[in-house]
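The values are calculated or read from the model by the stated rules, or taken from the named source; none is laboratory data. Remember, it's a predicted structure, so these values are computed and weren't measured experimentally. Cβ placement follows ideal geometry from the backbone for every residue including glycine, while neighbour counts extend to all protein chains displayed.
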Amino acid sequence: MIRIENLSRKFEVGNQIVRALDHIDLEITKGEYLSIMGVSGSGKSTLLNILGLLDTPTKGDYILSGINTSEMNDDEMAHIRSTKIGFVFQSFHLIPRLTAAENIEMPMVLAGIKPKDRQEKVEIALSHVSLNDRSDHKPEQLSGGQRQRVAIARSIVMEPDVLLADEPTGNLDSTSGIEIVRLIEDLNKAGLTLIVVTHDRKLGNRSDRLIRLLDGKIIDDDRK
Amino acid sequence: MRFYDLIFLALSTLIRYPLRTIMLLVATSIGVMAVILLTAVGEGARDYISGEFRDMGTNLIIVIPGKNETSGGGSPVDLAGVTPRDLTIEDAISLRKIDGVKNIAPIVIGETSAQFNGLERNVPIIGSTQSFLSVRKWEMETGMFLPGSTLERSPPVCVIGKEVEKELFGASNAIGQWLRLGDRRCRVTGIIGTEGRAVGIDVQKLVVVPVSLATALFNRPSLFRIAVEAENRLVGDQIIKDMKKILKKRHRGKEDFTVIRQDAVMASFDNIFNVLTMALGSIASISLFVAGILIMNVMLVAVSQRQSEIGLLKAIGAKNKQINQLFITEAILLSGSGAVLGLILGHSITQVLKISFPTFNFLPPMWASYVSLILALMSGVIFGLLPARRASKLEPVIALTGNK
């Protein structure tokens, strides 16, 4: 499903060139549950950003569902992000002026889906995250765990192939964190490919496959 | 993205930041209001001047003594220039025979003291004939206007304005009373009902006497001007030709007088005031330009503040074009709403001014509303482009982390 070949990402910081990712090869199959771990600056977030088409590699190929993304323009990448990839961020990234339902609806709004169809999908997504009774609440009226559940509902509403989670429990207490982990694991069990970037060893060990990065290179690829 | 979703998203942003929104609405509305108010003043001035001309009557041709011309260069006479002959009552009489002339009103003006029963005040005097009433379209409050006697001779009668009546006669009936004007006496035959101005004089403060009495009163045979009313507009040019021919003959072959058509003068004033109104509108439009720059600045700040949101929208599938549209829509909504608010304020204030100053008709022209609305919207689009472009070009990963 995902194939990365000889992928590198360099950044220029002042006069220095930093290799965030250095000739990485990786293959992820459909429905896999993968965790990416590593110390700060190891390149795990850069890898996640490239997997989510938020960033582009300096060198190498990234093939998603048989499509080479290296030659895509901005609009084509936006379309792939809209239809095939779901994001869950550490800081939730909900739009504060919109209600929970409106935040969940947003990817469909951008995709130009009719309001009638959107409403039905929003209700399904809300029931997935058990927040039907909070649909009219603004983010500021929700707890951290509830906000992250809204973000998860938003990420799955377009029925993507891959869910990318960047430190999904990083801003949550342990109880809420476990709830969120269970929720995304349930989505994985339902067939969604799940890729989680985390510092949390416990969370990383729950996945089927654990990759460790150091200085932009994969130093360990552990499958259960 | 569907149109109503675009509007909803833009509106929700504007509501989310009320202070910023109100500030920009006020800026745009002031610009539009300025256009409406200044053009209302220009148009009002045009209407006022046109009204003054209309008050003088319709289909009017006016003869004024003297003429602007270049002198010198030839004979001794030319070197000295032409000394204009006065217009006289005889000149006015000579114009009666022209076909198409409906009324002729010779006019003499001056000022003298008016006395009645120990009370005295200085009053402006107009000397004319009975025709003056129809030429000026005046109405009498009570009594009769001047009698239709010959131009050379007339009974000593006069009609007075309402203020003259009030000041000199008080509660007593002025009709039939003898009023002393300078060293002459005249019997009051009527009170003028019309308000406004005639030849720059407030009608209510005026005394009108027969032209022969006025020339005697001021010991001056010359006329201030001759007003000729044509039967219709079509015969105007022919009448002017005939008038010039007759008067030139009477003035020993010299055209030492000026003939002007009232409608031509009105058209000139119309043009002048149109240009003036447009100039005022253009000056006021500068404030719309300033409002546009303000919108641009505030939206540029908003792009920085909303980087994370822009990044999120991109992460969940927004195309650059959609981010662009979102910011442009916000700018258009701001400028459009500001313009509508400005139109409402501008028209409301002109209504208040109309009530406060009834003699001056504040008339915002229709085009000012359309033009200011279009200019405000254009300013929103043009000045919204840069922030919108900046937002759409943000790299999603950079925007999400809020780093520049």
Quiz prompt | Per-region count, the range A:87-103, residues more than 7 Å from chain B (Cβ to nearest Cβ) and either over 16 Å from the mean Cα position of the chain (by Cα) or farther than 23 Å from A:Asp173 by Cα (or both) | solution = 6
Exercise. Within the range B:74-95, identify whether any single residue is modelled with pLDDT under 75 and under 34 Å from the mean Cα position of the chain (by Cα), and answer yes or no.
Key: yes
Quiz prompt | B:Gly342 being at pLDDT 90 or above and either outside any helix (DSSP H, G or I) or more than 14 Å from chain A (Cβ to nearest Cβ) (or both) | solution = yes
Quiz item: Can you spot a residue in the range B:201-218 that is within 24 Å of B:Gly100 (Cβ to Cβ), surrounded by fewer than 21 Cβ atoms within 10 Å (Cβ to Cβ) and of a type in the set (Lys, Arg)?
Solution: no
Quiz item: From the list A:Ile156, A:Ile152, which residue is touching a residue at least 40 places away in the same chain (Cβ under 8 Å), within 13 Å of the chain's Cα centre (by Cα), surrounded by 18 or more Cβ atoms within 10 Å (Cβ to Cβ) and more than 12 Å from chain B (Cβ to nearest Cβ)?
Solution: A:Ile152
Practice problem: Test A:Leu192 against the criterion of being among the hydrophobic types (A, V, I, L, M, F, W, C) and modelled with pLDDT of 90 or more, and give yes or no. | Solution: yes
Practice problem: Test B:Asn320 against the stated conditions and say whether it is within 14 Å of chain A (Cβ to nearest Cβ) and either of a type outside the set (Lys, Arg) or free of Cβ contacts under 8 Å to residues at least 60 places away in the same chain (or both). | Solution: yes
Quiz prompt | Candidate set: the range A:53-86, residues that are small (Gly, Ala, Ser) and either part of a helix (DSSP H, G or I) or within 12 Å of chain B (Cβ to nearest Cβ) (or both); chosen: the one surrounded by the fewest Cβ atoms within 10 Å (Cβ to Cβ) | solution = A:Ser70
Practice problem: Considering every residue within the range B:257-267, establish whether at least one is more than 27 Å from the chain's Cα centre (by Cα), surrounded by 18 or more Cβ atoms within 10 Å (Cβ to Cβ) and modelled with pLDDT of 85 or more. | Solution: yes
Quiz item: Just for the range B:148-204: of the residues that are touching a strand residue (DSSP E or B) at 6+ places or on another chain (Cβ under 6 Å) and polar (S, T, N, Q), which one is modelled with the lowest pLDDT?
Solution: B:Ser154
Self-check item: Identity of the residue in the range A:1-40, more than 19 Å from A:Ile67 (Cα to Cα) and of a type in the set (S, T, N, Q), that ends up farthest from the chain's Cα centre (by Cα)
Solution: A:Asn15
Exercise. Among the residues of the range B:242-277, write down those that are closer than 20 Å to B:Arg96 by Cβ and assigned to a helix (DSSP H, G or I).
Key: B:Asp242, B:Met243, B:Lys244, B:Lys245, B:Ile246, B:Leu247, B:Lys248, B:Lys249, B:Arg250, B:Gln262
